[in-house]
Each structure stands twice: as structure tokens, then as C-alpha cells.
Number of protein chains: 2
Amino acid sequence: MEKLKKYVSVEDEDHFYHQGAVELLIFNFLLILTILTIWLFKNHRFRFLHETGGAMLYGLVMGLIIRYVTKSPDVESGTVYECEKLKSGPTTLLINITNQVYEYQYKREISQHNVNGHQGNTMLQKMTFDPSIFFNILLPPIIFHAGYSLKKRHFFRNLGSILTYAFLGTAISCIVIGLIMYGFVKAMVHIGQLKQWEFHFTDCLFFGSLMSATDPVTVLAIFHELNVDTDLYTLLFGESVLNDAVAIVLTHSISIYSPKENPNAFDAAAFFQSVGNFLGIFAGSFAMGSSYAVVTALISFMHLTKFTKLCEFPMLETGLFFLLSWSAFLSAEAAGLTGIVAVLFCGVTQAHYTYNNLSADSKMRTKQLFEFMNFLAENVIFCYMGLALFTFQNHIFNPLFIFGALVAVFVARASNIYPLSFLLNLGRKQKIPRTFQHMMMFSGLRGAVAFALAIRDTDSQPKQMMFTTALLMVFFTVWVFGGGTTPMLTWLQIRSVVVGVDPDEDLKTRAASQSAPNMDKNTTKAESAWLFRIWYGFDHKYLKPLLTHTGPPLTSTLPEWCNPVARLLTSPRAYGDQLKDGDTVYIINNDELTENYESSAHIAVPAQDSTASTQATGKEDIQEGDLGLGGYKLQLQHSAGQPQKNSLA
Amino acid sequence: MEKLKKYVSVEDEDHFYHQGAVELLIFNFLLILTILTIWLFKNHRFRFLHETGGAMLYGLVMGLIIRYVTKSPDVESGTVYECEKLKSGPTTLLINITNQVYEYQYKREISQHNVNGHQGNTMLQKMTFDPSIFFNILLPPIIFHAGYSLKKRHFFRNLGSILTYAFLGTAISCIVIGLIMYGFVKAMVHIGQLKQWEFHFTDCLFFGSLMSATDPVTVLAIFHELNVDTDLYTLLFGESVLNDAVAIVLTHSISIYSPKENPNAFDAAAFFQSVGNFLGIFAGSFAMGSSYAVVTALISFMHLTKFTKLCEFPMLETGLFFLLSWSAFLSAEAAGLTGIVAVLFCGVTQAHYTYNNLSADSKMRTKQLFEFMNFLAENVIFCYMGLALFTFQNHIFNPLFIFGALVAVFVARASNIYPLSFLLNLGRKQKIPRTFQHMMMFSGLRGAVAFALAIRDTDSQPKQMMFTTALLMVFFTVWVFGGGTTPMLTWLQIRSVVVGVDPDEDLKTRAASQSAPNMDKNTTKAESAWLFRIWYGFDHKYLKPLLTHTGPPLTSTLPEWCNPVARLLTSPRAYGDQLKDGDTVYIINNDELTENYESSAHIAVPAQDSTASTQATGKEDIQEGDLGLGGYKLQLQHSAGQPQKNSLA
């Protein structure tokens, strides 16, 4: 909210009078309206307009009012002044105007053709956020919350498919959109709407990458409410979360792709450098995010010293959790990596390890805090999108480009979902049915991330055209597809029958307690990639015991000669609490993995969440081979954990 | 954190590289260090350094490092450029530098003599917040939290004394400091350290008003931890909360005091205008804050319609609560009133009415949310204070002025506490003992509000001198008096013996469950102002039933002809839930007030908090006469509420 808080006029001598308040008040008012509307809709079980759609609608109306009702031209603001003495723009500029020195702060570089947009309505200018607000303040809590709420065994079971959709799918989508848009741009040049030099193929790819970030928040909310099949939910949610990270890094890599000679010709060296950039930034951000989470886990787990455990001070614990997670974002940014990606993986890791160490109070506090921040940030962004349609001053509406984008987005989504699903089904024991594929195709909404990526750079005319188009795509997909989710579910007959389920119950509980009508009745028989299995074994044997109170004691998993170290590092609770293994519902009995921790593998491991244990009865052999890579056998050994669990609780 | 998020250099072409991250990371690091230190201290029951003191210390060390380790002079930044074409400074300045237009944003006016301070170290500049950050972002949650946690029957029982200390006491303190400082300034002019025209009497009063805002957060935390006498806690806490509001409005009124002729001569018209301003702004802010809270109460209470109550959606409820409370702040600012005062009274009113309507989940969510925000904001401010000692570029250290301030602050505190306590004791049945007065004298710490008031205006040299002095006073009082609290309590023998009390138990519970050794054993025999009693009757009869589910039904309190309206407005729960009257521990049986709601007045009213009901046995007649104004009889009728309460719960 940087920009809204400035003092607006030099003449305004009253330092106590806070000008930005009016603009913030407008946002507050819109958000309050949105909340009241959601409440109304929830009462009437009206599902055609999600809160984000509502926020956008109110923003739109308010933008219209501000645009056409307020008119207060600020004459000075549009004039360009010459300054011969300066060679480059300094950070702070001190200017002597009629014997009084004023301090000016550098904001940005403006293209000559945009100068006009800065004339005129001050109110419109004031209602325009600094684009960095989105990336630095509003997106991080949304993305962190997505990662933090991803702790679902369904996610890990579908990991292979989710990773395929997220990485391969986003790349396909980016290239397809880029190619189609390049075709449209060529056509526009042909009919004289554009000049050749304005729009390179890399610009088209840039547009492709930013339009590849899907955000089916509306669809997921309805899925949640209607208790739609868990695997479909997990596939969509997992894809959208990881896909954001991929799209952000991809956009960055493309934007720094700089071929040496002709920008239209393919430069292999520059291309491989971009690929290298992508991998480096992604891996670096991943490492940064997860290492902060590991540090948090270690601190919250400190039992080696004589200290009272941190969990006895829930406020400090929550504060530390919040600050360390935020530091993950900031460190990544400071190191030139992508903070959003870091914060996503920080969230996932925090949920996986740290969450288990937190006190019950802190578990709830952190969950509610991030849920609340996510709610506010999301609605602010969607409100702002509505506003931006009328208050943003450099829109370039090009019907052909917009139509092209519409076509491109759908073709790209189709060439992402259908071929990949086909490939995945070759390897998956439990196939992804046609109806699910259609639903995933339908759920390719665009949202906050696409918008934030588009608004980050609106200096040149191609970028402005992209921004306008991206904004319209968000409107279209959120309202049309978001609104059409319920009918679509009915039409595809995916909608599961809900009988007597408390609407406010946790999704996990509900999801697990009902069967998926369209898939194999036995939902535990899911896929599990070989890669995942190796990771799982390592995690269960070494990381979990080291970082949390759960899992088998290190003394039993590490080789014997490590015993002194293992004893030092193992939580005293781990010995007694072997039965309380948090989210580990099944134990891998793979040939290579059983040797070392047989002692613990045969202990019945009841799940902490009642949901899992209700269905966790008996043993199941699960044949899997995600991506067609495996022929391994994964044995899930479930315990009849209910009685033990109760005795522990 | 406005300033930290700017792009720092024009040459920095990578839009994705987020420069401000480093500075925010420094703050995060300091806060994490602070949290870990608090944790350490809590483990060792070390009470000589409070978290705020620790944060300040770490800030100081970091400031020292930044000041003397980093050196990166930015040559351009110190130069003043001439611009003949401009008549006044526009909001946005577009400058053409070597054929590239740059946008600059207006920041502030700079006095000629401060220009030098803007040269040199960029890192120091980057570590300097925009002063408006404190008032618009960091202070509101702190003040709201204070108001929101003020819901204590002890507060209302001591209301008269608290108001006296807050209003009369702050005024006395302001005038005394102003006079003493004026004396010191005269002396400084005499010995040639200052020029006569630089420092008016109004400047001294300005300093007096900003130094009158006490902030005994350190002391109160120790009181809380050691379970010190509740009445002493309430007097101190209540005084410090209201005193902030008074000091802020007072500072504002003095700053806009503008006598027509000689600024040193007394101008009656201007003086009365200032007094009028004070009263107007205070009353206006009060009205603004409480009306937003009333709106929140009404919305959260909506039971008239067929809607599901809002409390079934805790997230929406919390969001609405947060946004409406924030709107109170913003509306007050937008209307030219004082947002901080509005948000304080909004907090008090929210606690008094809305809190009762919230679902159990939202009660906890809002409490924890504001507690968390308060914790973060407080530590950020104290961290920043430490930093500012070395990073702020325009310090003016004047030993005589600092010594004068030290003397003035103590004389002012003494002439506030002792005479007022004497006067109050004339009227109070339950006297404020000498030891308490000494402790209150001792607890006159300065903190966040004084700092925020001082940093808001540092343009002129007198203001810079005031800022430096205020900063040092905060350091001195927080470290010396904060650290000396525990020995002082022991020395004054106020410290109550704590036997087997859980350190994390709620203060209220503990406070009520033990007796105050130095006062009348029967702590319920406290004062109650006549004004309070009238208000209480009105509140209990009309407002509580109208705005919450508690209290007697309106049908029994309103005159008979109002019955149709009353029936419409009364919550259906009010009839059945008459016994569940939230925080009403006693019922006024005053002659004038009994008539209308006798039906409810004789119903036993058990307290919801177990604490109150444990001591609430039997009837007590309490003679009161706060301020010597009353001769009324207040009968507190306590119920033996325990069994009923249990059956309800």
C-alpha cells in the first residue's frame, strides 16, 4: 500500500492529516462489502459467484465511479522537466524550488509514449498500487498458505502426476500460447495493427509463461464445499500450486533471455543459458525455502538443552514461525532468487516437519493466521483487478490480440491436460478418468499470479497490451468458468452425493470418509512414484526423527556405529511415541528399505487424523509405476489403529 | 516499510531483483534474535531486561555496525538541483535525463541545513523508515490491542481515578515539562548555545506533550508475570492507555496553536482555539471509533433476519471485525481527526459489546490476531529505536537539553502522581497507598508513542534536538526503570507472594484469585464514580441488550409503550440467557436505577469468568465518592453463581 500513503500535496501543511486514508478506506469498504456478500451467498447456498468474483465485481464498479465521477486534473504532474546536469537518475533528488528544497524519491523509468498517461486525474493515480506490492506483500501469504495447507497424503500419492502437470504441462502451455500468439502477432503486423519490431517471439513466450499460471481458487472452493472427489481436488490443487512457481521462474528466465544478435533468431547459447537460469533459480529457491523451514523445525524441536521447550510460549513460537518463513522469502529475493518459490517450499516443509513440533495452540494460531492473511490478500488482489480495469491509465485494448489470447489459452490448456493425462494413465494403476480430464481442462482459470506477473512490467506498449489482455482473461475465466463449475460438475456427473456432512468440517476428514464414485472404490490404492518412494524412506528414517518427534528413533534407523550421535539427536519422546507417527499412514515395506528399521516398520502406526485410520484397516499391496518408470512393489501396511490411537489421545 | 521497498538505483535493470529485501531481512533477523533472547530469559526467569529492551539493544548494535562498517557514498544524492520553471513541488515529477524520462515521487520538504544529512551513506538512508509508518501502520495495532484487552471490571471500578490521571495528569505533566524546558532553553540562550528565535515556549510545550505519553509496557509485563496487585496494575495500565490518546491529541493541538502576533506572547484567542481543537478532536475521534464498533456489534448480532448468524463463519467474522476496526482508524484520519484515538476507543467498545456476540472461535481468533500484531509492531518499533540512534542522520545531541529533559520528566511525573493521588484519596473509600504512588511514579517510562510523536516532525533544528532527547529518554527509562522494576517492587514490598500459579494462566484469573496485601483485603470494595454509575445503568439497560446477547431483555427495560419495538430488537437468546450476562459481575441497585429492570436485577448473575464468581459471594455495600463528587450508595449484589454457571456451561 506504499503508494497510497504518501503525502499528496506540498501545499498540505498539516502533517497530521493523513491523505492516503481515503484510498485505503475505499479498499476497506470494498472488502467489507465483499464479506457481507459472501455471507449472503453462503446463506443461500448460491455458488455462481465466488468471493473473488464478487470482490472483482465491486472493484469494477468502484473503478467506474472513480474514473467518471472524480475529476481533478493535476497540471504540474504531466509536464516533463529537462535536467542537463544529471547523467543518470539518482535515488533521491533534491530540488530547489523558489528557495525551498524538496526531496523526491526515484520511482521508475517511463517510456516517452506513457508520459500522457501520467497527466490528469490524481485520484486515479492514487488508486494505483506500486506493482511490487503484489509480489512483495500480497502474493507471499497466498502462496505460503497454499504450501502450508498442502499437507495431504493424497498429494504425496499423486506427486508424480502433479509434478508432470506442473513442470511439463506449464512448459507445453507456455510454448503453445507463445506460438499461437506469435501467429496472431504476425497477422496483426500483416494488417498493419502492429509494427514488426515491437513484438518479438520472446515477448510472445513471455506472455505464454505468464498466462500459464493457473489459479482455480474459485473451482477449488466449490469442490471443497461440495465434497468433490479427493483425487481430483488434489490433482488440481497440487498442479495449480506448483504451476505458479514454475510459471514465475519461467517468466523470469524468459525475460532475461538475451540472444546476442537478432532477437528473432534462435540462439542456442542464450536458450541453454535460460534453461540453466530456470533450473538454477528453481533449485536455489527450493533450497532456500526448505532450509529456513528446517531451521524452524530444529528450533521448535530443541530438546537437547535444558531449556523449556519453545512450544510452552505459543506467542513466541508463532512469531518465530512467521518471521522465519518471511525470512525465507526475503533471503531468496536478496540472493536474486525467486521469493515466491522459496516461500512455497518453505510452506510445504513447515507443514511436513515443523507443524508436528508445534504446540496445539501454535498449530491453530499459525493455521488461522495464514488462513486470515491469505483471505485478505486474495480479496485485495481481486478487488484491485476490478479497479485496475478503469483506473490503470495505459490500457491498450486490441480485440485481435485478446481473441488470440482466448484461443491460445484454451488450446494450450487442452494440449497440456489431455496428452499428459494419456501418458500418465499409461503408468498409473488408477487411471485419471475422462470426466476428470474434462474438469481439469475446464478449471484452467487465471488469477492473482498471472495478474501480478503482467502488472510487474507495463513500460512498453507490447507489455501494456499483454497486461490488458491478461486482466480480461482473468475476468472472463473467473466469472464464466468459476460460475459454471457447479453446472459442469453436474453435467460430468462428478459431483459426489453429500449426506449429512457438516459443511464446516475439515476437508481432509470429509474427503477421506467418502469414496470416489468414479474411481476405484479403494482410494488408498493410488500411485506412488519410485522417486517418491526413495524419498519417503529417507524422510521417514532420517529426516522425520531428526526434525520432529515422530518416526522411529534414529538409534534404530542409523547404522550401529552412529549410535552415540543418534542417541544424542533423538527426541526422548521418539522412543515412547513411536506409535504417534503424525501423518505417516502407511509404511513402505520395499525390499531395499525394510532392512534398517524393521523394528519400527512392524509396529502398528495409527494415524493421528481419525479420518485416515477409519479406512486404514488391513494390508494392501499396491502396484505402482508412475510415469511408466517403475515396476517396484509398494506395500502399504495399515494398522487397525483405532483402539491404540484412542488410548494415546 | 514503505521506504525500504523502493528500487534503489536506476542502473539496476533487473526488475526481479528486490533491493529492499536486505533491509527487511535485517529487521527480521533482529526480531528473531529478540524472540530467542526472550525465550532464554523466560527460561531463566531473568526479569531485568524486557523483550522491548532487548529489541532496542539489538537494534543499537545493528545500527552501530551499519553506521561504521558499511560505507557506500552515493554522490548524486546530496546535490541540490535548481528548477526555475516550477512554482511549487508537484506530487509526481517527470524528469528528462539524457533522453530518458524518470518518474520521481514527492517525499518531503527539507530545511536547507538538513541537506548535508542526505549525503553519504545509502545504507543509512535505506534503514530509515518514513515517519508516517509509525503512526499509520505500527501504532494502530498496539493501541487497538491495549483497548481490546482493557475489558476488566477493575478498569471500570477505577475509572474515575484513571480518567483523572490520564487527563489532568497529562495536562499537568505537559505544562510542567514545558515550563522547566523553557527555563533550560533560556539558560542555553544565555550561555550562547541557542539562538533566541529558535525555541519558543510553544516548542517547549510541544516537547512537554510528547514526553507526557507514558508507556510502561516493561513494567506491566513484570506485574503480569509476578501477579502484582490488580488495582495497581489497572491504575497503571488504564492511565498509560488513555494517556497516550490524550498526549497525541494534545501534541496535535499545540502544534496547530498559532498566535497571530508574537509567538512568545500569550494569545487568549489562539489558546482557547487550541483547547477547543483538543476537545473537538478528542470527542470526534471517540465518536468515530465507538460508532464503528457499534456497527460491528450490530452486524455480528444480526438475528432479526432469516440469515445464519455471521458467527457460523469465524473467518468472515474475524475479517469483518478487523476491517471495520481498521476503517475506524482510516475514517478518523480521513476526517482530519486522530486515528489512534479512534482505534483505541474502537477497541474498548469492541471488547465491551462485539466481543460478547462473537463465536468462541472468533473470540480466540481476534484476541490472538491482535496479540500477535501487537507483539510484532511493538518489537519492530523498539528495534527501530535502537537502530535510529546510529542511523538517523540529523541527531542534535545537546547535553544541557538532555539533562533538562531528564529533570523535567521526573519533576513532571512527581507533580502528576502525588498531588492527584492525594486529591483522589480524599474521595476514594479505598485509598491509593503510598507504596503504590511510589511505584506509579517509578513506572513513568517513555516508549513507542513518545518516539512516534517525536519522529513525526524532524525538519527544524529544535525538533531534531527534541527527537534526539526523546530517544535517549526512552533508552534511559526502559533500561534503567524497566530493569529496576523487580528490585523496586521488592523494596516497596508490593510484590505479592506467588504460590503454585501457572505462569501462563490468564492474568485476570490470577489477579482475582489472590488478595492485595497492602490494600483493603476486600478488593471488590473499590471506588465507582457517580458518572460511571449513570453510564453503567444506561449501558446495562439499553445498550447491552440492544447490541449483544447479554443483559436483561429490552422488553423489560424500556417503557411499556415501546414494547413492540423492544420485542423486535431483543435477541431471542436474551430471554433464555439472562443468566449468562458476560462481564457484568455486579448489579447496581441504585435508587434511581432499580425501578425499570427490577425483574432482572434480582436474578442472580453469575460471571462467565470463574475468577469473579469465586470471590463473588454475598452482598457488599460499597460507599463511594470518587473525586469527592458522590454520596451515592452503590450496592453490589453478588450471586453465589458457581452452580448455575456450571449448569449453563
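The values are calculated or read from the model by the stated rules, or taken from the named source; none is laboratory data. Values in this document were obtained by computation on a predicted structure and should not be read as measured data. Positions of Cβ are generated from backbone atoms using ideal geometry, with glycine treated the same way; all protein chains shown enter the neighbour counts. Note: accessible area is taken over every heavy atom of the protein model, side chains too, but ligands, DNA and RNA are not part of it. Shrake-Rupley method; radii C 1.70, N 1.55, O 1.52, S 1.80 Å.
Data overview
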item: Which numbered condition residue B:310 misses (of (1) at pLDDT 90 or above; (2) open to solvent by less than 10 Å² (accessible area, probe 1.4 Å)); result: (1)
item: Positions within region A:313-326 being facing another protein chain (nearest Cβ under 7 Å) and out of contact with any Leu (no Cβ under 6 Å at 6 or more places or on another chain), in sequence order; result: A:313, A:315, A:316, A:318, A:319, A:320, A:324, A:326
item: Test: residue B:427 is more than 24 Å from residue B:199 (Cα to Cα) and more than 14 Å from chain A (Cβ to nearest Cβ); result: yes
item: Check on residue B:453, modelled with pLDDT of 60 or more, surrounded by fewer than 18 Cβ atoms within 10 Å (Cβ to Cβ) and part of a helix (DSSP H, G or I); result: no
item: Qualifying position, being modelled with pLDDT of 90 or more, within 14 Å of residue B:52 (Cα to Cα) and in contact with a Gly (Cβ under 9 Å, 6 or more places away or on another chain), among B:372, B:475, B:410; result: B:475
item: Residue ranges of helices (runs of 4 or more DSSP H) in region A:121-196 with at least 3 members within 14 Å of chain B (Cβ to nearest Cβ) and crowded, with 24+ Cβ neighbours inside 10 Å; result: A:139-148
item: Residue tally, condition at the interface with chain A (Cβ under 7 Å from one of its Cβ atoms), at pLDDT 50 or above and open to solvent by 20 Å² or more (accessible area, probe 1.4 Å), over region B:1-28; result: 2
item: Any hit, region A:343-360, residues being within 14 Å of chain B (Cβ to nearest Cβ), crowded, with 18+ Cβ neighbours inside 10 Å and more than 25 Å from residue A:156 (Cβ to Cβ); result: no
item: Residue B:428 being modelled with pLDDT under 90 and within 21 Å of residue B:234 (Cα to Cα); result: yes
item: Checklist (1) open to solvent by 30 Å² or more (accessible area, probe 1.4 Å); (2) touching a helix residue (DSSP H, G or I) at 6+ places or on another chain (Cβ under 9 Å); (3) at pLDDT 80 or above applied to residue A:215, failing item; result: (1)
item: Single residue of region A:42-55 satisfying the filter (out of contact with any Cys (no Cβ under 7 Å at 6 or more places or on another chain) and surrounded by 17 or more Cβ atoms within 10 Å (Cβ to Cβ)) that is nearest to the other protein chains (Cβ to nearest Cβ); result: A:42
item: Per-region count, region B:403-421, residues crowded, with 19+ Cβ neighbours inside 10 Å and out of contact with any strand residue (DSSP E or B) (no Cβ under 9 Å at 6 or more places or on another chain); result: 8
item: Test for residue B:199: is it over 25 Å from residue B:345 (Cβ atoms) and open to solvent by less than 10 Å² (accessible area, probe 1.4 Å); result: yes
item: Matching option when the condition is of a type outside the set (Asp, Glu) and open to solvent by 10 Å² or more (accessible area, probe 1.4 Å), among A:323, A:389, A:330; result: A:389
